[in-house]
1. Report whether or not ILE16 is within 20 Å of the chain's Cα centre (by Cα), assigned to a loop (DSSP other than H, G, I, E, B) and either surrounded by 18 or more Cβ atoms within 10 Å (Cβ to Cβ) or at pLDDT 95 or above (or both).
2. Does the stretch 171-190 include one or more residues that are outside any loop (DSSP other than H, G, I, E, B) and of a type in the set (Lys, Arg)?
3. Only one of THR154, THR147, THR122 is over 22 Å from TRP33 (Cα atoms), modelled with pLDDT of 95 or more and of a type outside the set (Asp, Glu); which?
4. Just for the stretch 133-149: of the residues that are in contact with a strand residue (DSSP E or B) (Cβ under 9 Å, 6 or more places away or on another chain), over 14 Å from ARG79 (Cβ atoms) and not aliphatic (A, V, I, L, M), which one is least open to solvent (accessible area, probe 1.4 Å)?
5. Limited to the stretch 24-70, what total is found for residues that are modelled with pLDDT under 95 and of a type in the set (S, T, N, Q)?
6. Among what's in the stretch 117-130 and is open to solvent by 20 Å² or more (accessible area, probe 1.4 Å) and without any contact (Cβ under 8 Å) to a residue 24 or more places away in the chain, pick the residue that is nearest to CYS66 (Cα to Cα).
7. Scanning the stretch 69-96 for residues that are over 17 Å from the mean Cα position of the chain (by Cα) and assigned to a loop (DSSP other than H, G, I, E, B), which turns out surrounded by the most Cβ atoms within 10 Å (Cβ to Cβ)?
8. I'd like to verify a number: residues in the stretch 197-219 that are in contact (Cβ under 8 Å) with a residue 24 or more places away in the chain, under 21 Å from LEU152 (Cα atoms) and in a helix (DSSP H, G or I), how many?
Amino acid sequence: MPFWKKEDRTIHFIEIPKTGTTTIGEILENNGWEIDKASHAKLTDLHPGLEEHSHRSVYEKIDMPCEFEFTTVRNPISRFVSSAYYIIDQWERGIGIIPELIPKKTDITSQGMIHFMHGIFTKVVADNIHVEYNRYCPQHLFIREKTKVFKLETELESLLEEFKRRGIVSKNQKMLHKNKSVPKSFKKVLPDWDYAPQVSQYFYDFYKKDFKMFDYKMA
């Protein structure tokens, strides 16, 4: 949920899917912060199903004052791959939309990841990039100029220090590390970018602004 409250304080955590949001949310809860129910209700009315991962054009309609607005971002490639494994795990449980037949996550190949990518962009995201809880929505569409951005890969400790400096968490709070989509011993495959150049180029064009804005290198 974007807005969190503790007594008379309000902070805005812009939760971009697959960027460590569960971990950050747990840290906030452990330190007495609660999701603001009033803003949650308003977001539900504005865009049902996206309350937890509302993009800028939705949450700006609330215009709720807060003392600190922040988010975490991730390399678009690893974010997409993580989303793929998460979604496939859901499909294996009978949850969600299946754009095409796919193997089990333990059998996915680099070429299979490209097929998955093609299915997502042609059958799921084609008409509405905000489907699947904004899981494939470009990250720059979530933030605004005043949003403080932290990279998932390298800046979580910096975010924790910012929390401590602002008195959002206790001085002895440690960073939590979790990965629920696959076992720790499992290594995710990356897309074979040479397998289908047109699909690969579409991916890079779709997330071009994310790569540039957040200073991530293309594979």
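The values are calculated or read from the model by the stated rules, or taken from the named source; none is laboratory data. As the structure is a computational prediction, the values presented were derived from the model and not from experiment. Here Cβ is always computed from backbone atoms with ideal geometry, including for glycine, and neighbour counts include all displayed protein chains. Heavy atoms of the whole protein, side chains included, go into the accessibility calculation; ligands, DNA and RNA do not. Shrake-Rupley method; radii C 1.70, N 1.55, O 1.52, S 1.80 Å.
1. Here the answer is yes, as ILE16 does meet what is asked.
2. There is no residue in the stretch 171-190 that is outside any loop (DSSP other than H, G, I, E, B) and of a type in the set (Lys, Arg).
3. Just a single option satisfies the conditions, and that option is THR154.
4. Among those residues, the one meeting the criterion is THR147.
5. 4
6. ILE129
7. The extreme case among them is GLY96.
8. 6
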